[in-house]
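So the structure is just underneath, and the comments pick up after that.
The values are calculated or read from the model by the stated rules, or taken from the named source; none is laboratory data. Since the structure is predicted, the reported quantities are computational estimates derived from the model, not experimental observations. Positions of Cβ are generated from backbone atoms using ideal geometry, with glycine treated the same way; all protein chains shown enter the neighbour counts. The protein model used for the area step is the full one, side chains on, heavy atoms only, and it has no ligands, DNA or RNA in it. Shrake-Rupley method; radii C 1.70, N 1.55, O 1.52, S 1.80 Å.
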Amino acid sequence: MLVVDDDERNLLALSEVLSDIAEVVTADSGEAALRELLKGEFAVILLDVFMPGLDGYETARLIRERDQTRHIPIIFLSAVNKETEHLMRGYAMGAVDYVFKPVEPIVLRSKVAVFVDLFNMTREVRRKAEREQRLLDANLKANSERLSAERELRLAEQRQAAIIASLPICLYLEPLEADPRIPRFVSGNFTPLTGYAFEEVKQDPTLWARSIHPDDRKRVTAAIEARELGRGHSIEYRWRCADGSYKYFLDQSVVLRDADNQPIEYAGTLLDVSHRKQLEAQLVQSGRLDAIGQLTGGIAHDFNNLLAAVLGGIGLIERRVALNDDQQKIVAMTRRAAEQGAELVGRLLAFARRQKLEPARVDIASLASSVADLLNHTLGGLVSLEWQTSADLGYAYADAAQLELALMNLIINARDAMPEGGTISVIGENREISAKDSRHDVEGLAGGNYIVLAVTDTGCGIASDILQQVTEPFFTTKDVGKGTGLGLSMVHGFATQSGGTMHIESEAGKGTRVELWLPRDAQADDAIPTEAETSKRANGVPTAGHRLLLVDDHEEVRATTAILLTDLGHHVTEAAGGSEVLDKLRADPTGFDCVVSDYAMPDIPGTEVVRQARSIRHALPAILITGYADADSISALPSDVRVLTKPFTPEDLNQAIAAAVEAFGQKH
Ligand SMILES: Nc1ncnc2c1ncn2[C@@H]1O[C@H](COP(=O)(O)OP(=O)(O)OP(=O)(O)O)[C@@H](O)[C@H]1O
Ligand SMILES: [Mg+2]
């Protein structure tokens, strides 16, 4: 309480009387009282009315004016002014009581005690209210934290569900001891993945095991049985979906454990890896074909050289030796055998993508008529051939003769697949592969325009397990002597070497469709000669005796070629390699009309021989003879140098020389 009196003794006396009720703060003037009021909280103020300076009334007025102090009860103390008028003024100034001096201690104490109690109670009530408010606030805060945590959790769950739903994967839960295997739970993508509703699987306990591909069943069952308690599994197998098609699944599981580390159930995933498997198979297959191709190509190349020498030798004998009838028959037979060998080698080289191709614009309509003519007798009465080409079909860019051969191979395969007869249709279409279209099912094609020739039959079809193998050389299902197994290998090699591809679709018992993709000739310009026209032009070049410089490191081959050339009326000078050529040319720079050089020589390639020869005599006509059928393997070939592929006929050789010399003559 605040006791205000200008008389020191009064203050002392009052303090004495009241000090055990509450703490007493004294002030000896109105100003001092106001100062004290600023410092603390008071339960009651005892205010002397008469004081110098601010008197009691004035002080009370100021106290009432301030918000912080307005409610503090004021008891006036007065020794004089006992009149009603003063009493009234005191109450008007906000006093709660008016006590006259000398004060009766008991009365004063009890009056003051009332206010102190009131103050304490009010303070207690306020404190309680504050405590309750604090509790309420804490409670509210906890509640809102819980709510936002719940919201976060719900969001996380929704997010998780969305992620699971968008995965190309099916999650499942499976009891530990499940035989037959039936999941307890599967995630939403089970049906899109398998075509079955979860209910169907639950009601048909053997469905899962039954649908595994028969070839995979044993392995998968073993893997599941071997799955020890506590261990998961990881297996790949083919599984027949509701629509009857097989998908390749990667099926993996792990064991879920409870808090005591006891296994509860398996949690697994089912992932469709069909596309990956398909790519893998394609990769393995094309790797195999590449390897076989390299091997075959190497052997075929060596064989080709030998056959060239054999055929050359036979030619010489026929020309030079007078043979009787019997001997002529033997020689002719030998020649036929060698020619058949050469043809076989040619097919091997085609498979190995090493044949010499002369691509040009090919008109499919005229190709159709020439193929149809060739096959008329071969097809037999039961099988008919039907061509369907769209009116706007473009030109293919390919080697016409090889394309003809490829189509014949495909058509004869189709015929063989239909012993009962039927219709083979050849459908020609324009197709485009956009550069971005990397997932096209036609393997490894660059973006661009293509001509697709599809040969379709309704024959026996190809079983899926040998589909990968039919393009391998010597793979055949035909009887001994009926098929060599080189047909599709050749077609595949030819198509790939031409910048296209071959694609087989087949179903056992239903039929086969083989697509031959070839690049489409980009130029719409009609002035470009077709293959037929090009060869026509090369024909009819007059031939005459020329002075030839023949280069070949292989002595026998060189000798046979030399004799052949001499027989054709040429003058031949032989050289065994690059340095000999240079020596001979330096000795007589204008003494030769044409260089005839082998391409593949151990110390120096034919192209280099030509280059060096031309460093002595500019633009000297030259031709290259090669056993390497692959034009790509010849690097740095001058554009005017023609390449002649072994084995060749004497006429081929003669024509090539004549063309080279002719071209030189025109230039000068
Ligand atoms: N249209 C088809 N229908 C069914 N099977 C086919 C068809 N085409 C090819 N095949 C199968 O592919 C195998 C390989 O064919 P490919 O043309 O390479 O050799 P081939 O026809 O057996 O012998 P070749 O063509 O050398 O005379 C055939 O033996 C056959 O089993
Ligand atoms: Mg064939």
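Assigned to a helix (DSSP H, G or I) and in contact with a helix residue (DSSP H, G or I) (Cβ under 6 Å, 6 or more places away or on another chain): which single residue out of 368, 338, 308 fits that description?
Values: 368 fails: in contact with a helix residue (DSSP H, G or I) (Cβ under 6 Å, 6 or more places away or on another chain); 308 fails: in contact with a helix residue (DSSP H, G or I) (Cβ under 6 Å, 6 or more places away or on another chain).
Within the list 368, 338, 308, the selection yields 338.
For region 407-420, state whether one or more residues are modelled with pLDDT of 90 or more, part of a loop (DSSP other than H, G, I, E, B) and within 16 Å of ligand 2 (Cβ to nearest atom).
Restricting attention to region 407-420, the residues satisfying the condition of being modelled with pLDDT of 90 or more are 407-420.
Of the ones still in play, those that are also part of a loop (DSSP other than H, G, I, E, B) are 418-420.
Next, only the ones that are within 16 Å of ligand 2 (Cβ to nearest atom) stay: 418-419.
Checked region 407-420: at least one residue is modelled with pLDDT of 90 or more, part of a loop (DSSP other than H, G, I, E, B) and within 16 Å of ligand 2 (Cβ to nearest atom).
Does region 151-177 hold any residues that are open to solvent by less than 100 Å² (accessible area, probe 1.4 Å), farther than 27 Å from residue 275 by Cβ and free of Cβ contacts under 8 Å to residues at least 24 places away in the same chain, and which are they?
Within region 151-177, 155, 156 qualify.
Could you look through region 391-404, keep only residues that are in contact (Cβ under 8 Å) with a residue 40 or more places away in the chain and open to solvent by 70 Å² or more (accessible area, probe 1.4 Å), and pick out the one that is farthest from ligand 1 (Cβ to nearest atom)?
Step one: list which residues in region 391-404 are in contact (Cβ under 8 Å) with a residue 40 or more places away in the chain, which gives 393-403.
Filter once more, so that each one left must be open to solvent by 70 Å² or more (accessible area, probe 1.4 Å): 395, 397.
Numbers: 395: 26, 397: 24 Å.
Taking the candidates together, the pick is 395.
Condition test on residue 272, is it within 23 Å of residue 465 (Cα to Cα), in contact with a Phe, Trp or Tyr (Cβ under 6 Å, 6 or more places away or on another chain) and open to solvent by less than 70 Å² (accessible area, probe 1.4 Å)?
In short, no.
Looking only at strands (runs of 3 or more DSSP E) that lie completely in region 549-654, which have at least 1 residues being closer than 27 Å to residue 354 by Cα? Let's see the steps before the verdict.
On the way: elements: 571-575, 594-598, 622-626, 642-645.
Those strands (runs of 3 or more DSSP E) span 594-598, 622-626, 642-645.
Does residue 458 count as open to solvent by less than 50 Å² (accessible area, probe 1.4 Å) and not aliphatic (A, V, I, L, M)?
Details: open to solvent by less than 50 Å² (accessible area, probe 1.4 Å): no; not aliphatic (A, V, I, L, M): yes.
Spelling it out, it is not the case that residue 458 is open to solvent by less than 50 Å² (accessible area, probe 1.4 Å) and not aliphatic (A, V, I, L, M).
Just need a number here: residues in region 157-194 that are farther than 20 Å from residue 227 by Cβ and part of a loop (DSSP other than H, G, I, E, B).
Residues in region 157-194 being farther than 20 Å from residue 227 by Cβ and part of a loop (DSSP other than H, G, I, E, B): 5 in total.
With the requirement that a residue be open to solvent by 30 Å² or more (accessible area, probe 1.4 Å) and under 23 Å from the mean Cα position of the chain (by Cα), what does region 500-516 give you?
Passing the criteria: only 503.
Give the residue, chosen from 22, 13, that is open to solvent by less than 30 Å² (accessible area, probe 1.4 Å) and out of contact with any strand residue (DSSP E or B) (no Cβ under 9 Å at 6 or more places or on another chain).
Numbers: 13 fails: open to solvent by less than 30 Å² (accessible area, probe 1.4 Å).
None of the other options fit; the residue is 22.
Look at residue 583 and say whether it is of a type outside the set (Ser, Thr, Tyr) and modelled with pLDDT of 85 or more. Lay out the reasoning, then the answer.
Details: of a type outside the set (Ser, Thr, Tyr): yes; modelled with pLDDT of 85 or more: yes.
When the stated conditions are applied, residue 583 passes them.
Here is a list of conditions, (1) within 30 Å of residue 569 (Cβ to Cβ); (2) over 37 Å from the mean Cα position of the chain (by Cα), and residue 356 meets all of them except one; can you say which number that is?
(2)
Out of (1) more than 19 Å from residue 485 (Cβ to Cβ); (2) out of contact with any His (no Cβ under 9 Å at 6 or more places or on another chain); (3) surrounded by 15 or more Cβ atoms within 10 Å (Cβ to Cβ); (4) at pLDDT below 90, the odd one out for residue 338 is which?
Failing condition for residue 338: (4).
Restricting attention to region 381-401, report how many residues are closer than 11 Å to residue 364 by Cβ and not in a strand (DSSP E or B).
Of the residues in region 381-401, 5 are closer than 11 Å to residue 364 by Cβ and not in a strand (DSSP E or B).
Is it the case that residue 357 is within 16 Å of ligand 2 (Cβ to nearest atom) and within 23 Å of residue 491 (Cα to Cα)?
Values: within 16 Å of ligand 2 (Cβ to nearest atom): no; within 23 Å of residue 491 (Cα to Cα): yes.
Taking the combined requirement at face value, the residue does not satisfy it.
Output the number of residues of region 114-140 satisfying the condition of being farther than 19 Å from residue 43 by Cβ, open to solvent by less than 90 Å² (accessible area, probe 1.4 Å) and among the hydrophobic types (A, V, I, L, M, F, W, C).
Number of matching residues: 1.
What tally of residues in region 469-503 results from selecting those that are near ligand 1 (Cβ under 7 Å from one of its atoms) and hydrophobic (A, V, I, L, M, F, W, C)?
Qualifying residue count, region 469-503: 4.
List pairs: first in region 297-309 and more than 16 Å from residue 493 (Cβ to Cβ), second aromatic (Phe, Trp, Tyr), Cβ under 8 Å, 6+ apart or cross-chain?
So the pair list comes out as 308/648.
Has region 382-390 got at least one residue that is within 11 Å of ligand 1 (Cβ to nearest atom) and either of a type in the set (Ser, Thr, Tyr) or touching a helix residue (DSSP H, G or I) at 6+ places or on another chain (Cβ under 6 Å) (or both)?
Here is the first cut: in region 382-390, the residues within 11 Å of ligand 1 (Cβ to nearest atom) are none.
No, that holds for no residue.
Go through the residues of region 485-500 one by one and say whether even a single one is within 22 Å of residue 378 (Cα to Cα), assigned to a loop (DSSP other than H, G, I, E, B) and of a type in the set (S, T, N, Q). Give the derivation first.
Taking region 485-500 first, the residues within 22 Å of residue 378 (Cα to Cα) are 485-491.
Narrowing further to those that are assigned to a loop (DSSP other than H, G, I, E, B): 485-486.
Cutting the leftovers down to of a type in the set (S, T, N, Q) gives us none.
Scanning region 485-500, I find no residue that is within 22 Å of residue 378 (Cα to Cα), assigned to a loop (DSSP other than H, G, I, E, B) and of a type in the set (S, T, N, Q), so the answer is no.
Does at least one position in region 354-366 carry a residue that is open to solvent by less than 70 Å² (accessible area, probe 1.4 Å) and among the polar types (S, T, N, Q)?
Yes, region 354-366 contains a residue that is open to solvent by less than 70 Å² (accessible area, probe 1.4 Å) and among the polar types (S, T, N, Q).
Quick check: anything in region 425-432 more than 13 Å from ligand 2 (Cβ to nearest atom), at positive phi and out of contact with any His (no Cβ under 7 Å at 6 or more places or on another chain)?
Filtering region 425-432 down to residues more than 13 Å from ligand 2 (Cβ to nearest atom) leaves 425-432.
Now narrow it down to the ones that are at positive phi: none.
Checked region 425-432: no residue is more than 13 Å from ligand 2 (Cβ to nearest atom), at positive phi and out of contact with any His (no Cβ under 7 Å at 6 or more places or on another chain).
Say we look at region 211-231 and pick out the residues that are of a type in the set (Lys, Arg) and surrounded by 11 or more Cβ atoms within 10 Å (Cβ to Cβ); which of these is modelled with the lowest pLDDT? Can you show your working first?
So in region 211-231, the residues of a type in the set (Lys, Arg) come out as 217-219, 227, 231.
Now narrow it down to the ones that are surrounded by 11 or more Cβ atoms within 10 Å (Cβ to Cβ): 217, 219, 227, 231.
Details: 217: 93, 219: 93, 227: 81, 231: 77.
My answer is 231.
List pairs: first in region 98-115 and at pLDDT 90 or above, second surrounded by fewer than 12 Cβ atoms within 10 Å (Cβ to Cβ) and not in a helix (DSSP H, G or I), Cβ under 9 Å, 6+ apart or cross-chain?
These pairs meet every condition: 109/20.
Only one residue in 36, 65, 83 is charged (D, E, K, R), open to solvent by 50 Å² or more (accessible area, probe 1.4 Å) and modelled with pLDDT of 90 or more, so which one is that? So that I can check it myself, show each step before the final result.
Details: 36 fails: open to solvent by 50 Å² or more (accessible area, probe 1.4 Å); 83 fails: modelled with pLDDT of 90 or more.
Within the list 36, 65, 83, the selection yields 65.
If you take the residues in region 486-526 that are among the basic types (Lys, Arg) and under 16 Å from residue 427 (Cβ atoms), which one is nearest to ligand 2 (Cβ to nearest atom)?
Of region 486-526, the ones among the basic types (Lys, Arg) are 510, 513, 520.
With the extra rule that they be under 16 Å from residue 427 (Cβ atoms), the set shrinks to 513, 520.
Details: 513: 15, 520: 26 Å.
Step by step, filter region 486-526, then rank; the result is 513.
Within region 459-485, can you find the residues that are among the aliphatic types (A, V, I, L, M), within 31 Å of the chain's Cα centre (by Cα) and away from ligand 2 (no atom under 13 Å from the Cβ)? Show your work before the answer.
Within region 459-485, the subset among the aliphatic types (A, V, I, L, M) is 462-463, 466-467, 470, 480.
Checking which are within 31 Å of the chain's Cα centre (by Cα) leaves us with 462-463, 466-467, 470.
Of everything in region 459-485, those that are among the aliphatic types (A, V, I, L, M), within 31 Å of the chain's Cα centre (by Cα) and away from ligand 2 (no atom under 13 Å from the Cβ) turn out to be 463, 466, 467.
Which condition number in (1) surrounded by fewer than 16 Cβ atoms within 10 Å (Cβ to Cβ); (2) under 14 Å from residue 4 (Cβ atoms); (3) at pLDDT below 90 is the one that residue 95 fails?
Failing condition for residue 95: (1).
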